[in-house]
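For reference, the structure is listed below as structure tokens.
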Amino acid sequence: MNTLPSSIHSCGIGLRRQHFSTIAETKPNIPWFEILSDNYLIEGTVQREFVQQIRPDYPITFHGVGLSIGSVDPLNKEYLKRLLTLKKELEPAWISDHLCWTSAYGYSTHDLIPLPYTQNVVDHIVDRIIQVQDFLGESIVIENVSSYLQFKSTEMTEWEFINQVIEKSGCSLLLDVNNIYVSAQNHGFDAEDYLLAMPKDRVKEIHLAGYEDKTTHLLDTHSRPVTEPVWALFAKAVEHVGDVPVLIEWDNDIPELSRLREEANIAKNIQQKILGSRQ
Ligand SMILES: [Fe+2]
């Protein structure tokens, strides 16, 4: 029986080490935190003890980059064992990772590398997601990534690829609205075409973040406020998927916690306005 809070709703914030002391001292009224699970896999670390300490006060979700679901390396069983142990200890509402690959031949790229959108890759990833879900004992959540290149071998659109992976594996979708916008600008497709093709009943969470405009392309740096066009696309996402929890990601040039809460409040207001007008 779960004894820890597990209800994920409204707009949460990504838990970052820079805010540990503020959170411990002020116990802010934040609906939930998403933790970067890869940073908590080792027992006895400061971050693991911190999250154990605040867990009774906040629902949490796990978000990782180490699954490397698209890699042709075997699944990393040691990584999965540690993730399972962490799951049993912290009881996250769900576990998410990215639809990409992050390692090859045993080496980590430390980057989210996109995939060629082919039927073979769909089948490969579906098989691996099912293995992961069997191991963890639950359905996982997979996030769409931003990208800066495309493959000549690609056979379908990214949104067709995502739909197939979700349908065939039984996983859910973490819809990163900023990633859609960044990739749409970089590759010249219509962000709304992508968004409206997403399987709305399978969206478990929405991500929002800020990018940097490098003039030749947009770079998903998570170092800035959410931009106006992404807020506009987010509003369309809420119209499409309804009442889904939203998370603000900010990983570089991290501001005070109060600034992140301002971003979360903007998201909450947009969400409430759209959902309220439906009633
Ligand atoms: Fe994201």
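The values are calculated or read from the model by the stated rules, or taken from the named source; none is laboratory data. As the structure is a computational prediction, the values presented were derived from the model and not from experiment. Glycine also receives a Cβ, built like all others from the backbone with ideal geometry; neighbour counts cover every protein chain displayed.
Below are the figures for this structure:
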{"read-out": "Residues being farther than 13 Å from SER10 by Cβ and either under 20 Å from the mean Cα position of the chain (by Cα) or surrounded by 14 or more Cβ atoms within 10 Å (Cβ to Cβ) (or both) - total across the range 264-276", "value": "1"}
{"read-out": "So LEU260, is it exposed (fewer than 15 other Cβ atoms within 10 Å of the Cβ), in a helix (DSSP H, G or I) and either more than 14 Å from the ligand (Cβ to nearest atom) or of a type outside the set (A, V, I, L, M) (or both)", "value": "no"}
{"read-out": "Whichever residue in the range 245-257 is part of a loop (DSSP other than H, G, I, E, B) and in contact with a strand residue (DSSP E or B) (Cβ under 9 Å, 6 or more places away or on another chain) and, among such residues, is farthest from the ligand (Cβ to nearest atom)", "value": "PRO245"}
{"read-out": "Residue check for THR26: among the polar types (S, T, N, Q), under 17 Å from THR61 (Cα atoms) and surrounded by fewer than 14 Cβ atoms within 10 Å (Cβ to Cβ)", "value": "no"}
{"read-out": "Top-ranked residue in the range 236-257 [being free of Cβ contacts under 8 Å to residues at least 40 places away in the same chain and more than 18 Å from the chain's Cα centre (by Cα); ranked as surrounded by the fewest Cβ atoms within 10 Å (Cβ to Cβ)]", "value": "ASP253"}
{"read-out": "Filter result (in contact with a helix residue (DSSP H, G or I) (Cβ under 8 Å, 6 or more places away or on another chain) and either acidic (Asp, Glu) or surrounded by fewer than 13 Cβ atoms within 10 Å (Cβ to Cβ) (or both)) within the range 1-17", "value": "ARG17"}
{"read-out": "Any hit, the range 246-253, residues being in contact with a Lys or Arg (Cβ under 8 Å, 6 or more places away or on another chain), within 17 Å of CYS11 (Cα to Cα), modelled with pLDDT of 95 or more and among the aliphatic types (A, V, I, L, M)", "value": "yes"}
{"read-out": "So SER96, is it more than 19 Å from VAL246 (Cβ to Cβ), at pLDDT 95 or above and within 16 Å of the ligand (Cβ to nearest atom)", "value": "no"}
{"read-out": "Residue among PRO92, PRO74, PRO116 that is without any contact (Cβ under 8 Å) to a residue 12 or more places away in the chain and part of a loop (DSSP other than H, G, I, E, B)", "value": "PRO74"}
{"read-out": "Subset of the range 185-244 (residues that are within 16 Å of the ligand (Cβ to nearest atom), among the aromatic types (Phe, Trp, Tyr) and either under 23 Å from THR157 (Cβ atoms) or touching a strand residue (DSSP E or B) at 6+ places or on another chain (Cβ under 7 Å) (or both))", "value": "TYR194, TYR211, PHE234"}
{"read-out": "Sole residue being within 16 Å of the ligand (Cβ to nearest atom) and surrounded by 20 or more Cβ atoms within 10 Å (Cβ to Cβ), chosen from ILE129, ILE125, ILE180", "value": "ILE180"}
{"read-out": "Members of the range 132-157 found to be within 16 Å of the ligand (Cβ to nearest atom) and either among the acidic types (Asp, Glu) or touching a strand residue (DSSP E or B) at 6+ places or on another chain (Cβ under 7 Å) (or both), listed by number", "value": "ILE140, VAL141, ILE142, GLU143, ASN144, VAL145"}
{"read-out": "Any hit, the range 95-104, residues being touching a residue at least 24 places away in the same chain (Cβ under 8 Å) and surrounded by fewer than 18 Cβ atoms within 10 Å (Cβ to Cβ)", "value": "yes"}
{"read-out": "Residue identified as within 21 Å of the chain's Cα centre (by Cα) and under 30 Å from THR118 (Cα atoms) among PHE62, PHE33", "value": "PHE62"}
